[in-house]
Amino acid sequence: MSKDKPWGGRFTQPTDKFVEEFTASIRFDKRLYHQDIRGSIAHARMLGKQGIIPQSDAETIVHGLQDILNQIETGKFDFSVSLEDIHMNIEARLSAKIGEAGKRLHTGRSRNDQVALDIRLYLRDELVEISAYLDLLIDSLLYQAEKNLGVIMPGYTHLQTAQPILFSHHMLAYVEMFKRDKGRMEDCLKRVNVLPLGAGALAGTTFPIDREYVAELLDFPEVTRNSLDSVSDRDFALEFLAAASILMVHLSRFSEELILWSTSEFKFIELSDAFCTGSSIMPQKKNPDVPELVRGKSGRVFGNLMALLTVMKSLPLAYNKDMQEDKEPLFDTIDTIKGSLKIFADMVREMRVNAENMRTAAAKGFSTATDVADYLVRKGMPFRDAHEVVGKAVRYCIEKDKDLPELTIAEWKGFSERIEEDIFAAITLDASVNARRATGGTALERVKEEIERDKAGK
Ligand code: ARG
């Protein structure tokens with residue numbers, strides 16, 4: 001019967017069994033139990049302090065809730081679908097345990113502001129953890145950058161050989177991306193970290209509550225300023241899902257490169273056996289499953305953002321049941337990015353770099369052609385003319401099956417009288433890399449500086 005529901009008063013018929021199951025969120029929102037209890041304890045303390053309920057009731061409630069927390073954590077709590085969600089499961093159990101006092105807990109509160117509080121508390125803790133995971137990955141990248149300092153690889157545009165770069169410079173490119181991801185998480189935290197409790201169902205409450213006191217108890221630097229907005233806003237969750245999606249774009253690009261670099265065609269890196277699997281039919285195979293799976297998981301994270309954007313779009317103020325659909329995408333994204341970051345941090349730390357193969361590849365594809373052009377510019381030729389001259393030299397090399405460093409001084413002179421003996425030293429791989437000395441360039445001294453800056457956390 002609906003009589004056993006906390007809201008059963010105005011109902012005469014029991015809820016249809018399937019409706020009960022269909023509308024319940026307990027299956028997934030039970031993960032908010034800790035936040036729900038923490039929020040209720042703060043609310044009860046405030047009600048007691050304000051004299052809205054007797055102090056003694058407030059104390060009984062707090063103890064009762066602490067017992068329930070203990071029961072849940074030791075697996076002794078039976079979650080009930082007929083009690084719909086985590087909020088009613090806990091409240092009903094509290095009343096069953098302590099009677100009258102338990103029934104006073106919901107004074108001046110609604111599940112609408114309660115659920116908004118729970119999600120904010122939950123996401124707040126997760127954001128701190130996600131930032132820590134990002135730090136682990138950044139540390140692994142810095143470890144590889146430092147360990148392989150001086151290793152030269154081909155840099156690509158259009159996946160065609162472009163210019164030689166330091167492998168460390170490539171790792172530091174990802175450090176920059178993950179630092180920005182961290183910044184986005186920290187920025188999101190500012191808007192998550194606002195107390196919505198006290199908005200009631202939508203319009204506020206008739207009781208003399210002290211929201212600032214609750215904020216203090218729950219460590220919120222601010223309280224929300226509009227009750228309708230407090231219960232209907234999920235943009236903080238959307239913001240997180242968007243930041244998580246951008247993070248997954250970065251992880252998927254990195255995945256793609258690791259997969260490519262592990263092929264027998266590239267052989268730039270080798271992933272540790274611990275992060276790969278074999279094939280049941282082809283005995284020679286070692287498959288880069290981890291980066292492949294992370295690349296694939298970007299799909300669900302983007303999907304979760306789309307799902308919540310679509311749920312929220314066009315909803316009239318204030319709370320609507322549609323919004324119960326916020327939790328699964330949120331939880332799934334949190335789990336996915338934490339798992340992906342953790343596994344990447346470990347895998348990157350353990351990958352082996354094949355310096356020789358990278359260097360050999362970097363010397364191919366006329367990768368120092370730009371250096372010849374820059375050389376001619378330093379000898380007084382306008383860049384556009386220099387570009388043309390080097391283009392011809394490259395075509396000549398293709399015809400003669402030669403590389404630029406193999407041309408004789410006589411051959412060089414045939415392209416431009418300005419070219420002298422010092423051309424040979426100007427177009428080695430090391431010279432090419434180390435000449436790019438402006439801030440943000442791949443020169444060894446710049447890259448070393450950037451590693452130091454990153455290690456100092458700047
Ligand atoms: N389970 C609900 C949710 O997750 C809690 C809020 C329910 N409020 C309501 N008025 N039905 O959104």
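The values are calculated or read from the model by the stated rules, or taken from the named source; none is laboratory data. These figures come from a predicted structure and were not determined experimentally. Virtual Cβ from ideal backbone geometry, glycine too; neighbours counted across all protein chains shown.
Annotations for the structure displayed:
- Within the range 288-328, the set of residues being touching a Lys or Arg at 6+ places or on another chain (Cβ under 9 Å), in a helix (DSSP H, G or I) and within 16 Å of the ligand (Cβ to nearest atom) comprises L308, V311, M312, M323, D326, K327.
- Residue pairs whose Cβ atoms lie under 6 Å apart, sitting 6 or more positions apart in sequence or on different chains, and linking a residue in the range 431-449 that is closer than 18 Å to L142 by Cα to a partner that is hydroxyl-bearing (S, T, Y) and buried (at least 20 other Cβ atoms within 10 Å of the Cβ), are V447/S168.
- From E73, E21, residue being within 15 Å of the ligand (Cβ to nearest atom) and either closer than 30 Å to D125 by Cβ or modelled with pLDDT under 95 (or both): E21
- Identity of the residue in the range 353-385, hydrophobic (A, V, I, L, M, F, W, C), in a helix (DSSP H, G or I) and touching a residue at least 24 places away in the same chain (Cβ under 8 Å), that ends up farthest from K413 (Cα to Cα): A355
- Residue within the range 140-151 that is among the hydrophobic types (A, V, I, L, M, F, W, C) and farther than 18 Å from F344 by Cα present: yes
- Hits in the range 72-86 - residues which are polar (S, T, N, Q) and touching a residue at least 12 places away in the same chain (Cβ under 8 Å): S80, S82
- Counting the residues of the range 27-55 that are within 16 Å of the ligand (Cβ to nearest atom) and either aliphatic (A, V, I, L, M) or within 11 Å of V214 (Cα to Cα) (or both) gives 5.
- When the residues of the range 46-77 are filtered to those that are acidic (D, E) and more than 16 Å from D36 (Cα to Cα), the one that is surrounded by the fewest Cβ atoms within 10 Å (Cβ to Cβ) is E59.
- Entry remark, the range 80-136: residues being basic (K, R) and either within 13 Å of P6 (Cα to Cα) or within 12 Å of the ligand (Cβ to nearest atom) (or both) number 5 in total.
- Test: residue in the range 411-432 that is within 15 Å of T161 (Cβ to Cβ) and of a type in the set (S, T, Y): yes
- Residues located in the range 9-58, provided they are within 15 Å of L83 (Cα to Cα), in contact (Cβ under 8 Å) with a residue 24 or more places away in the chain and not in a helix (DSSP H, G or I): T15, A24, S25
Each row is one residue, and each column tells you yes or no for (1) crowded, with 22+ Cβ neighbours inside 10 Å; (2) part of a strand (DSSP E or B); (3) in contact with a strand residue (DSSP E or B) (Cβ under 6 Å, 6 or more places away or on another chain); (4) free of Cβ contacts under 8 Å to residues at least 24 places away in the same chain.
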position: G155; (1), (2), (3), (4): no, yes, yes, no
position: T161; (1), (2), (3), (4): no, yes, yes, no
position: H169; (1), (2), (3), (4): yes, no, no, no
position: A173; (1), (2), (3), (4): no, no, no, yes
position: E176; (1), (2), (3), (4): no, no, no, yes
position: G200; (1), (2), (3), (4): no, no, no, no
